[in-house]
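> The structure's right below; bear with me while I get my questions together.
The values are calculated or read from the model by the stated rules, or taken from the named source; none is laboratory data. Not measured: the values here are computed from a predicted model. As a convention, Cβ positions derive from the backbone with ideal geometry for all residues, glycine included, and neighbour counts pool all protein chains shown.
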């Protein structure tokens, strides 16, 4: 069984708002304000794939292939996947192509999945940690014509397909999906990403990473876009969120609690 | 301009739908447009539900219509069938803007529909306005550290509204025309099957999204036990209990309690953040709160930057005192 995990590189989402700045064109975050890291839900997706491989060890060989679309610098996230013991990793180079959005990324990934055929399962993070688009996995399923289950946190192999645990607004659901399938992965306590071993990180740093080009995958880059309606980015703005916090002090915790309740009553909250 | 709000299967047509209509009405007024409502699946087969749907439409614009799509194969939820049915609806209605309310299920249907229509789409919209015939949409990016303003140059565009970002409309009186849409669904399209649905328990009887008061715990709780205290405080306040991603990932509380960019978005009158550091991805989920109280033993925690009131203290000490204080207050109110 072959499992493809789509990963992407983003600006570290943990950088505090006080250090966040925009580029001169106000179209993205300024370069160099933080590290580039693997998008958080992609790490959960890798974890789901690794657990699936471990559970299947006696029954069937599972090959995990990590894919990313991006500039050559995004090979770092593939090395991260390799350090966690993905079997192989392929970089789809976006250099020289159109600017990336959900449609373009999904079409490139679909072409790559076709080239890797046969693929049984594709995992994507539920959304990236920078743009929060939440589209690529669903677009990819449409492009491939496969089953798609969103907000999945655990996967097991079952008759003719997969059993997926999906988060809902009220709790969770068990959904059966026909093989081959796409799942978008969300976090829960069962898929907290593991840490790589030092030795595996060193091996991953030296591993060769094949590069596939846009022309190799889809021929003409102009074809990628097709006739789809495209959004135009006008600008980014930084919202003002900072408030003046009123500190509730007191000699004892009882005093603090009483003063808090009084402050809330004065504000007509309680 | 023609707008359509798609109401997907939900236990209750409620605030999320009314907020989406609120967003649609502002846009329709600017464009002299019409707002329609489509109900699909079991909600289209319930008279009570489609009355609510019709009342939503009539509140939104004078010439509104309600479209109903019912089909035996839609009684059980399978996204691929819903996408196919909605594709047929949109071919018949030809809207310029397709709106989805802020529910998880919408994030599953909307992108696939947009892909089929070949249209632009935006999730998590917090602003929606018209400008020279184009639709201008605002959405939070970078975990809420910035807002992106994007333009959909030509219709149609698919927009998922962020919950608790728009004022809900009031419930109106059911008026306007109802039209059934016939759809053809091929059983071979079906690729998924819903086997089991589990409702997770919550700490109190109040739903997180509807709660007026929320008490929420994070990594600083140190374990599941502290959430008992938060539950007690929430019950005395008549509120609900939420959590940060860290507390859910640690397995201390169910994932459905999570508040933040990828959890529930809430807009209570009072939000009490206990042992929550205040990462952007959490704060973006509470941006609609009227008053934020932070309780944390670290005075440098970023949560204090967005809090109205702050207490620097160990929660184990101050929360029991707060429960006693609220008990006294409630007792005095009753007397």
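> Name the one entry in A:171, A:125, A:129 that is closer than 30 Å to residue B:208 by Cβ, surrounded by 24 or more Cβ atoms within 10 Å (Cβ to Cβ) and facing chain B (nearest Cβ under 9 Å).
Sole residue among the options that is closer than 30 Å to residue B:208 by Cβ, surrounded by 24 or more Cβ atoms within 10 Å (Cβ to Cβ) and facing chain B (nearest Cβ under 9 Å): A:129.
> Determine which member of the set B:113, B:128 is more than 21 Å from residue A:169 (Cβ to Cβ), under 21 Å from the mean Cα position of the chain (by Cα), crowded, with 21+ Cβ neighbours inside 10 Å and more than 8 Å from chain A (Cβ to nearest Cβ).
B:128
> As an exercise: evaluate residue B:150 against (1) in contact with a strand residue (DSSP E or B) (Cβ under 6 Å, 6 or more places away or on another chain); (2) more than 7 Å from every other protein chain (Cβ to nearest Cβ); (3) closer than 25 Å to residue B:29 by Cβ and give the number of the one condition it does not meet.
Unmet for residue B:150, out of (1) in contact with a strand residue (DSSP E or B) (Cβ under 6 Å, 6 or more places away or on another chain); (2) more than 7 Å from every other protein chain (Cβ to nearest Cβ); (3) closer than 25 Å to residue B:29 by Cβ: (2).
> Follow-up question, since we're still on this one. Out of A:93, A:39, A:74, which single residue is within 13 Å of chain B (Cβ to nearest Cβ), farther than 19 Å from residue A:148 by Cα, surrounded by 16 or more Cβ atoms within 10 Å (Cβ to Cβ) and touching a strand residue (DSSP E or B) at 6+ places or on another chain (Cβ under 6 Å)?
That would be A:39, the only listed residue that is within 13 Å of chain B (Cβ to nearest Cβ), farther than 19 Å from residue A:148 by Cα, surrounded by 16 or more Cβ atoms within 10 Å (Cβ to Cβ) and touching a strand residue (DSSP E or B) at 6+ places or on another chain (Cβ under 6 Å).
> Return yes when residue A:209 is more than 7 Å from chain B (Cβ to nearest Cβ) and in contact with a strand residue (DSSP E or B) (Cβ under 9 Å, 6 or more places away or on another chain) and no when it is not.
yes
> Still on this structure, I have one more. Of A:134, A:160, which residue is on the phi > 0 side of the Ramachandran plot and more than 10 Å from every other protein chain (Cβ to nearest Cβ)? Write out each step before concluding.
Values: A:134 fails: more than 10 Å from every other protein chain (Cβ to nearest Cβ).
Residue meeting the stated conditions: A:160.
> Continuing with this model, one more query. For the stretch B:267-281, how many residues are modelled with pLDDT under 95 and either out of contact with any helix residue (DSSP H, G or I) (no Cβ under 6 Å at 6 or more places or on another chain) or more than 21 Å from residue A:187 (Cα to Cα) (or both)?
Residues that pass the stated criteria total 2.
> Give me the residue from the stretch A:174-199 that is outside any loop (DSSP other than H, G, I, E, B) and loosely packed, with under 15 Cβ neighbours inside 10 Å and, out of that set, farthest from the other protein chains (Cβ to nearest Cβ). Break it down stepwise before answering.
Step one: list which residues in the stretch A:174-199 are outside any loop (DSSP other than H, G, I, E, B), which gives A:174-178, A:181-185, A:198-199.
Among the residues that remain, those that are also loosely packed, with under 15 Cβ neighbours inside 10 Å are: A:198-199.
Numbers: A:198: 24, A:199: 27 Å.
Within the stretch A:174-199, the match that is farthest from the other protein chains (Cβ to nearest Cβ) is A:199.
> Among the numbered criteria (1) without any contact (Cβ under 8 Å) to a residue 40 or more places away in the chain; (2) more than 9 Å from chain A (Cβ to nearest Cβ); (3) touching a strand residue (DSSP E or B) at 6+ places or on another chain (Cβ under 7 Å), which single criterion is violated by residue B:310?
Every condition holds for residue B:310 apart from (2).
> In the stretch A:216-248, how many residues are assigned to a helix (DSSP H, G or I), modelled with pLDDT under 90 and either surrounded by fewer than 17 Cβ atoms within 10 Å (Cβ to Cβ) or within 14 Å of chain B (Cβ to nearest Cβ) (or both)?
4
> What residue, of B:295, B:259, B:272, is farther than 14 Å from residue B:219 by Cα, buried (at least 24 other Cβ atoms within 10 Å of the Cβ) and in contact with a strand residue (DSSP E or B) (Cβ under 6 Å, 6 or more places away or on another chain)?
B:272
> Looking only at the stretch B:164-210, count how many residues are closer than 29 Å to residue B:58 by Cβ, within 14 Å of chain A (Cβ to nearest Cβ), assigned to a loop (DSSP other than H, G, I, E, B) and in contact with a helix residue (DSSP H, G or I) (Cβ under 8 Å, 6 or more places away or on another chain).
2
> May I ask you to list the residues in the stretch B:249-277 that are closer than 15 Å to residue B:214 by Cβ and at the interface with chain A (Cβ under 7 Å from one of its Cβ atoms)? Quick ask: steps written out before the conclusion?
Just the residues of the stretch B:249-277 that are closer than 15 Å to residue B:214 by Cβ, to begin with: B:253, B:256-260, B:263-276.
Passing the criteria: B:256, B:269, B:270.
> Can you go through A:29, A:106, A:45 and tell me which one is closer than 23 Å to residue A:167 by Cβ, in contact with a helix residue (DSSP H, G or I) (Cβ under 7 Å, 6 or more places away or on another chain) and within 14 Å of chain B (Cβ to nearest Cβ)?
Every option except A:106 fails the conditions.
> Only one of (1) within 12 Å of chain A (Cβ to nearest Cβ); (2) at pLDDT 95 or above fails for residue B:85. Which number is that?
(1)
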